[in-house]
1. Open to solvent by less than 40 Å² (accessible area, probe 1.4 Å), more than 25 Å from ILE177 (Cα to Cα) and hydroxyl-bearing (Ser, Thr, Tyr): does that describe TYR60?
2. Can you pull out the residues in the range 131-156 that are among the aliphatic types (A, V, I, L, M) and surrounded by fewer than 21 Cβ atoms within 10 Å (Cβ to Cβ)?
3. Would a scan of the range 86-97 turn up a residue that is part of a loop (DSSP other than H, G, I, E, B) and touching a strand residue (DSSP E or B) at 6+ places or on another chain (Cβ under 6 Å)?
4. Restricting to the range 157-178, and then to whatever is of a type in the set (Ser, Thr, Tyr) and out of contact with any helix residue (DSSP H, G or I) (no Cβ under 8 Å at 6 or more places or on another chain), can you tell me which residue is surrounded by the most Cβ atoms within 10 Å (Cβ to Cβ)?
5. Which one is nearest to the chain's Cα centre (by Cα), of the residues in the range 177-212 that are part of a loop (DSSP other than H, G, I, E, B), closer than 22 Å to LYS132 by Cβ and of a type in the set (Val, Ile, Thr)?
6. Considering only the range 135-154, I want to know if a residue exists there that is of a type in the set (Phe, Trp, Tyr), in contact (Cβ under 8 Å) with a residue 40 or more places away in the chain and under 29 Å from TYR36 (Cα atoms).
7. Of the conditions (1) surrounded by 12 or more Cβ atoms within 10 Å (Cβ to Cβ); (2) at pLDDT 95 or above, ASN78 satisfies every one except a single condition; which number is it?
8. Tally time: how many residues in the range 25-75 are modelled with pLDDT under 90 and either assigned to a loop (DSSP other than H, G, I, E, B) or in contact with a strand residue (DSSP E or B) (Cβ under 6 Å, 6 or more places away or on another chain) (or both)?
Amino acid sequence: MRRFYKVSQKWQTVSAKLSWSHYCEVLWFDDNKFQYYVKIAELNSLSIRQLREKIKSNEYERLPESTKNKIINHAESNVVDFVKNPIMIRNSNKYDIFSEKVLQKLILEDIENFLEELGNGFTFIKSEYPIKLLDRYNYIDLLLYNIKYKCYVVVELKVTELKKEHTGQIMIYMNYIDKNIKTIDENDTVGIIICKQDNRFVIEYCSDDRIAVREYELV
């Protein structure tokens, strides 16, 4: 109770939408971590069990440092800010991940959990989304849409280390969506590459701000 009193004095906007039990889960966190979990619990009407699951999965720790800084400074976020790293993908049947097809299968088996790992506002459109380049079809691993940010999201899956050709591939897909599918009222398409291991060189020199790279981890 004393701890709660100190917190309530420090944060005058302590939410009345959360229960005492909610606050018992987060009272001992540092200021930024506390604010994060209170904010998402309120915005998403999380139950105690759901809040515990997010804490147990180290959701806050898996956010990019740039996102944590935005939370601290109350800055405006973008569509990929809350995409976790690594992204936790459930593998209940203990499949061997030897191809993108198997990884895709795991994601589709639990698509709701996958979308939660990406953040708020993501909806699923289609897997193996076909696009025609000249006389040849290519297939986007996962095509999503973010309602909050009004943009398409191209997701490409890689079971290897990130390579420069991966960023070139997803950029082609993003440009295709922008030119042929998105409307004038929608924002530019963004891309998310989910890979076994990232590569800072590729991210720094072969990518741009519209492409986010995240590693995956099987649980």
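1. Values: open to solvent by less than 40 Å² (accessible area, probe 1.4 Å): yes; more than 25 Å from ILE177 (Cα to Cα): yes; hydroxyl-bearing (Ser, Thr, Tyr): yes.
Criteria met by TYR60.
2. Taking the range 131-156 and keeping what is among the aliphatic types (A, V, I, L, M), we get 131, 133-134, 140, 142-144, 147, 153-155.
Within the range 131-156, ILE131, LEU133, LEU134, ILE147 qualify.
3. Within the range 86-97, one or more residues are part of a loop (DSSP other than H, G, I, E, B) and touching a strand residue (DSSP E or B) at 6+ places or on another chain (Cβ under 6 Å).
4. So the first thing to find is which residues in the range 157-178 are of a type in the set (Ser, Thr, Tyr), and the list is 160, 167, 173, 176.
Okay, now just the ones that are also out of contact with any helix residue (DSSP H, G or I) (no Cβ under 8 Å at 6 or more places or on another chain), so 160, 173, 176.
On the way: THR160: 10, TYR173: 23, TYR176: 17.
The selected residue is TYR173.
5. The residue in question is THR189.
6. Residues of the range 135-154 of a type in the set (Phe, Trp, Tyr): 137, 139, 145, 149, 152.
Keeping just the survivors that are in contact (Cβ under 8 Å) with a residue 40 or more places away in the chain gives 149.
After this cut, where a residue has to be under 29 Å from TYR36 (Cα atoms) as well, the list is 149.
Within the range 135-154, one or more residues are of a type in the set (Phe, Trp, Tyr), in contact (Cβ under 8 Å) with a residue 40 or more places away in the chain and under 29 Å from TYR36 (Cα atoms).
7. Going through (1) surrounded by 12 or more Cβ atoms within 10 Å (Cβ to Cβ); (2) at pLDDT 95 or above one by one, ASN78 breaks only (2).
8. Residues in the range 25-75 being modelled with pLDDT under 90 and either assigned to a loop (DSSP other than H, G, I, E, B) or in contact with a strand residue (DSSP E or B) (Cβ under 6 Å, 6 or more places away or on another chain) (or both): 8 in total.
The values are calculated or read from the model by the stated rules, or taken from the named source; none is laboratory data. As the structure is a prediction and not an experimental result, all values here were calculated from the model. Reconstructed Cβ throughout: ideal geometry from the backbone, glycine too, with neighbour counts over all protein chains shown. For the accessible areas, the whole protein counts, side chains as well, though only heavy atoms, and no ligand, DNA or RNA atoms are used. Shrake-Rupley method; radii C 1.70, N 1.55, O 1.52, S 1.80 Å.
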